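Comments concern the structure below.
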Amino acid sequence: MKTTLGSNGLTRRSLLAGAAAIPMVTIITRRGDAAEFSYKYASGQDPTHPINKRAQEAVDRIRNASNGRIEIKVFPANQLGSDTDLLGQVRNGGVEFFNLATSILATLVPVAGIVNTGFAFKDYDTVWKAMDGALGTYIREQIGKAGLVTPAKFADNGFRQITSSTREIKTPEDLKGFKIRVPPAPMLTSVFKTFEAGATPINFNELYSALQTKVVEGQENPLAIIASTRLYEVQKFCSMTGHVWDGYIMLGNRRAWEALPQDAKAIITKEFDAAALDERADVATLSQTLRTDLTAKGVTFFDVDRELFRAALAKTSFYKDWRAKYGEEAWGLLEASVGKLG
């Protein structure tokens, strides 16, 4: 007897027969407490980061809401590979879900990097207006064209700040010749090259050792990342530049997603949407407390004039060049939220 899984007409028997041809979908016939769908969720962030704490809560709720039919296991801290490795894995089905920063996603979906435009967002009200609105919808459509699905809302990676072990960064001129690690992300590399810094792309799982061995002098990340990965142990100064806002987006393997029945998709989207909203609130709270915590751990903070940096970018061809790369439609959606750039 065949049991229909969903509206696509596939049966459990036919899916099992094709399992060898579709390795990204692990279908388990239920015996006792065994799951019907057993998926992997990968993340580059430390287990203590809010994105992973909330993801774990979400998968627990998904398991309960589905009566055990859906089992998703969370693999944090690049356990299954670097961010660039995992981006390949979620595309080919090695993992079914992957949480990725928009800055890294830009290597596959260039327009995802538009949210990282230097000094574009002034505050969180502006960020969420854009990401929950037309700009976010446009980016998700482009991700879909790249063959991936986006089952949940954008989460918050935070505003990125500059840290250093060698110098105090207070003005744009202080960045000249500064050896700074950036993620393998076109926009962030462009921002720091425009400031004449020595921007060096390094995968996140190699960052701590690169700082420790002085391959680079500094790096830039949100405070939650600096704290949860103990970067404060190898950095002395932190400049509150807020030069770029970065988001997280949950990516899904399309074939694994389409193998799920509609009720399962609805459960997963509902719970990961809730997790994203909870994570946003967590990061907002941490932004208020982490500065005190990191100061106690020996980090010296500098409040900088962000307008000096933005004005320095505007004097170059930075905004004009990126507008040409992203196109008028995408740039228009960005400026509709943040105002005129350049």
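A few points about this structure:
- Counting only residues that are closer than 21 Å to G298 by Cβ and either more than 24 Å from the chain's Cα centre (by Cα) or surrounded by fewer than 18 Cβ atoms within 10 Å (Cβ to Cβ) (or both), the stretch 165-209 holds 10 of them.
- Residue in the stretch 71-80 that is closer than 18 Å to G44 by Cα, small (G, A, S) and more than 15 Å from the chain's Cα centre (by Cα) present: no
- Residue in the stretch 230-241 that is among the charged types (D, E, K, R), under 20 Å from G118 (Cα atoms), surrounded by fewer than 23 Cβ atoms within 10 Å (Cβ to Cβ) and without any contact (Cβ under 8 Å) to a residue 40 or more places away in the chain present: no
- Residues (in a helix (DSSP H, G or I) and out of contact with any strand residue (DSSP E or B) (no Cβ under 8 Å at 6 or more places or on another chain)) located in the stretch 125-136: D125, T126, W128, K129, A130, A134, L135, G136
- Of all residues in the stretch 154-163, at least one satisfies being in a loop (DSSP other than H, G, I, E, B), touching a Gly at 6+ places or on another chain (Cβ under 8 Å), within 23 Å of A284 (Cα to Cα) and in contact (Cβ under 8 Å) with a residue 12 or more places away in the chain.
- The number of residues in the stretch 123-158 that are among the polar types (S, T, N, Q) and farther than 16 Å from R91 by Cα comes to 3.
- Residue list for the stretch 170-223, filter: of a type outside the set (S, T, N, Q), farther than 20 Å from L308 by Cβ and in a strand (DSSP E or B): K179, R181, V182, G198, P201
- Residue in the stretch 137-147 that is more than 17 Å from M240 (Cβ to Cβ), more than 13 Å from the chain's Cα centre (by Cα), touching a residue at least 24 places away in the same chain (Cβ under 8 Å) and in a loop (DSSP other than H, G, I, E, B) present: yes
- Residues located in the stretch 55-109, provided they are in a loop (DSSP other than H, G, I, E, B), among the hydrophobic types (A, V, I, L, M, F, W, C) and within 26 Å of F159 (Cα to Cα): A77, A106, L108, V109
- Within the stretch 58-73, residues that are over 14 Å from T269 (Cα atoms) sit with their Cβ atoms under 7 Å from residues that are surrounded by 22 or more Cβ atoms within 10 Å (Cβ to Cβ) and among the hydroxyl-bearing types (S, T, Y), at 6+ positions apart or across chains, in these pairs: K73/Y41.
Yes or no, residue by residue, for (1) within 30 Å of N92 (Cβ to Cβ); (2) modelled with pLDDT under 95; (3) surrounded by 16 or more Cβ atoms within 10 Å (Cβ to Cβ):
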position: I249; (1), (2), (3): yes, no, yes
position: D293; (1), (2), (3): no, no, no
position: V299; (1), (2), (3): no, no, yes
position: L308; (1), (2), (3): no, no, no
position: R323; (1), (2), (3): no, no, yes
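- Test for S209: is it modelled with pLDDT of 95 or more, of a type in the set (G, A, S) and closer than 29 Å to T292 by Cβ: yes
The values are calculated or read from the model by the stated rules, or taken from the named source; none is laboratory data. What you see is a predicted model; the values in this text were computed from it and never measured. Cβ: placed from backbone, ideal geometry, glycine included. Neighbour counts: every protein chain shown.
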